[in-house]
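To start, the structure itself, in C-alpha cells.
The values are calculated or read from the model by the stated rules, or taken from the named source; none is laboratory data. Owing to the predicted nature of the structure, the values given are computational and were not obtained by experimental measurement. Quick reminder, even Gly has a Cβ in these numbers, built from the backbone with ideal geometry, and neighbours come from all protein chains shown. These area figures cover heavy atoms from the full protein model, side chains too; ligands, DNA and RNA do not enter into them. Shrake-Rupley method; radii C 1.70, N 1.55, O 1.52, S 1.80 Å.
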Amino acid sequence: VIDIRKLYGQTGMFTFDPGFMSTAACESGITYIDGDKGELLYRGFPIEQLAVNCDFMDICYLILNGDLPNQEQKADFDSQVTHHTMVNEQLHFFLRGFRRDAHPMAVLTGLVGALSAFYHDSTDITNPQHRHISAIRLIAKMPTLVAMAYKYSQGQPFIYPQNDLSYTGNFLRMMFATPCEDYKVNEVVERALDRIFILHADHEQNASTSTVRLCGSSGTNPFAAISAGVACLWGPAHGGANEACLQMLEELQANGGIDKVGEFMEKVKDKNSGVRLMGFGHRVYKNYDPRAKLMQETCKEVLSALGLENDPLFKLAMELERIALSDPYFVQRKLYPNVDFYSGIVQRAIGIPTSLFTAIFALARTVGWIAQWNEMLSDPDYKIGRPRQLFTGSVTRDVPPMDKR
Ligand code: ACO
C-alpha cells in the first residue's frame, strides 16, 4: 500500500499489486479454489464428484444456473444447445481467408469475434434474455468452430453438426468424420474428452477469465469479450501450456527419453536456462491440482482402452512427476503437476493434433467465461474495470526545438 499523496498530490491510498498476487477484482459465487488443500468446487460441488457423476452439459447448466439440472431441465438445456450448433454459412468464407497453416488459436480468436457480426440480435447486454441466448450460442457453436478450424487446416470438407449425438460425440464426429465413410463415436474416447471439458470448464479469476470480465466491463458484446478470452488463453503460461507440455515431452523423448530426465531436470532448475517444466506450477494451487489427479486417471484409462499402455510419453511424464515431487527445488516452491501436465497425452492418444490442444481448452472454458461475464453484468453496481498504475516515467518537461533533441 502506497500513500499516493507522495506520488500525485492526491488523497487516499493506492495498492500496487502487479500480477494481482493478492487483489480480488470481483465477487463471484461460481468456482471456489482452496489452493493449499488442492480443492476445487463448481457451485459448491467437489470436482471429483462432478467428474464421475456428470456429463459436460450438466456442468454447463450448473455453472450457468447455480445448481445441477433435474431430468426435465437437462433435456431442455441439451435441446437448446443442440439447436444452436450450426453457424452462419458466411463464416465458412471468413475462415477461408486464413492460411491453411494458421494456428487454430489465431483462427478461433477471429471466428469467435466474428460471431458478433452475425448474431446482432443477442448483443443487447442489458437484457438478461439476450445474455442467455448468447451464452447458449457460444457454448453450442464453439465445437463447430474448433472442428471447422481443424478441417480447414487439413484441407478436408466441413462436417455439419448432427443433432442426435451428445455434445462431445458431435464434436468428435465433426472433427474426425469424412463424407466418404461412416463414423462411429468411440465411447471411451467420448468419455475422456467429456472429462477434459468438465475439468477445464471454469477456474475462477484466471488470466483469460479476468480478461473476459475486463473486456466485457466496457459493455462490449459477449462475442468480442469471449474472443479476448481466447486470445489471452493462447499464451504458454496459461492455456498454451498443454501444447508446450506435449512439445516438451516429445522433444525429451527424441533426445534420450527417460535416461535424460535427470539432465533435463537440472536444466529446469537452472534459472539461466530459461527452461521450465511445463504443466507444473500454479499461481493458486500450492498442492496437487485436483484436476491433474483426475486427468492422470483418465490418461491411464484411455491409454489402456486404446492399447497404448506403453505410451513412452506417459511413462516419461510419470517419471518427471516422480522426480519433481521428491526434489527440494519443486518441494520448497510447492510446484505440482497442473491440469495441463496429463491432458496433452490424453488428447494425443485420441487423435487430436497438438496445435489444437489450446482450442479444446477454449471450447471447454467458454461456459466459465460466459457465466463470469453474465455474473458481472447481473450486478447492478458493476463498474468498468480500470486499473491504476504506479507511474515511473519522466516528470513534466518542455518540448525542445528540433535542433536541441
Ligand atoms: N518449472 C520450473 N520452475 C518453476 C515452474 C516450472 N514450471 N513454475 C514456477 N517455477 C519457479 C519459478 O522460477 C519461481 O522460482 P523462484 O522463486 O526461485 O524465482 C517460483 O517457482 C515461483 O514461480 P512464479 O513464476 O513466480 O509463479 P507464478 O504464480 O507467477 O506462475 C505459472 C505460475 C505461470 C503457472 C508457472 O508455475 C509456470 O510458468 N508454469 C509452467 C507453465 C504452465 O504449466 N502453465 C499452466 C498453468 S495452469 C493453466 O493455466 C491451466
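Structure data summary
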quantity: Evaluation of Tyr160 against (1) at pLDDT 95 or above; (2) surrounded by fewer than 21 Cβ atoms within 10 Å (Cβ to Cβ); (3) part of a helix (DSSP H, G or I) (one fails), failing number; calculated: (3)
quantity: Positions within region 122-157 being assigned to a helix (DSSP H, G or I), without any contact (Cβ under 8 Å) to a residue 12 or more places away in the chain and closer than 14 Å to Thr220 by Cα, in sequence order; calculated: His130
quantity: Of all residues making up region 174-184, the number that are within 24 Å of the chain's Cα centre (by Cα) and open to solvent by less than 50 Å² (accessible area, probe 1.4 Å); calculated: 2
quantity: So Val268, is it within 12 Å of the ligand (Cβ to nearest atom) and of a type in the set (Val, Ile, Thr); calculated: yes
quantity: Identity of the residue in region 325-346, within 10 Å of the ligand (Cβ to nearest atom) and under 15 Å from Glu266 (Cα atoms), that ends up least open to solvent (accessible area, probe 1.4 Å); calculated: Phe330
quantity: Hits in region 228-248 (condition: buried (at least 23 other Cβ atoms within 10 Å of the Cβ) and more than 12 Å from the ligand (Cβ to nearest atom)); calculated: Gly229, Val230
quantity: Filter pass, Leu316 being hydrophobic (A, V, I, L, M, F, W, C) and either open to solvent by less than 60 Å² (accessible area, probe 1.4 Å) or away from the ligand (no atom under 14 Å from the Cβ) (or both); calculated: yes
quantity: Residues of region 274-313 that turn out to be farther than 24 Å from Gly351 by Cβ, of a type outside the set (D, E, K, R) and open to solvent by less than 30 Å² (accessible area, probe 1.4 Å), as a count; calculated: 6
quantity: The one condition in (1) open to solvent by 30 Å² or more (accessible area, probe 1.4 Å); (2) under 18 Å from His238 (Cα atoms) that Arg322 fails to fulfil; calculated: (2)
quantity: Of the criteria (1) in contact (Cβ under 8 Å) with a residue 40 or more places away in the chain; (2) surrounded by 24 or more Cβ atoms within 10 Å (Cβ to Cβ), which one Ser166 fails; calculated: (2)
quantity: Output for region 124-145, where each listed residue is touching a helix residue (DSSP H, G or I) at 6+ places or on another chain (Cβ under 6 Å) and open to solvent by 30 Å² or more (accessible area, probe 1.4 Å); calculated: Asp124, His130, Ile133
quantity: Subset tally (residues that are in contact with a His (Cβ under 9 Å, 6 or more places away or on another chain) and buried (at least 22 other Cβ atoms within 10 Å of the Cβ)) for region 207-220; calculated: 2
quantity: Lone qualifier among Ala359, Ala317, Ala305, Ala349 - being under 17 Å from the mean Cα position of the chain (by Cα), under 29 Å from Val188 (Cβ atoms) and among the small types (Gly, Ala, Ser); calculated: Ala359
quantity: Selected residue (criterion: farthest from the ligand (Cβ to nearest atom)) from residues of region 271-297 that are among the polar types (S, T, N, Q) and more than 21 Å from Met21 (Cβ to Cβ); calculated: Gln296
quantity: Unique match (being closer than 28 Å to Ala237 by Cα, touching a Lys or Arg at 6+ places or on another chain (Cβ under 8 Å) and at pLDDT 95 or above) among Ile59, Ile63, Ile33; calculated: Ile63
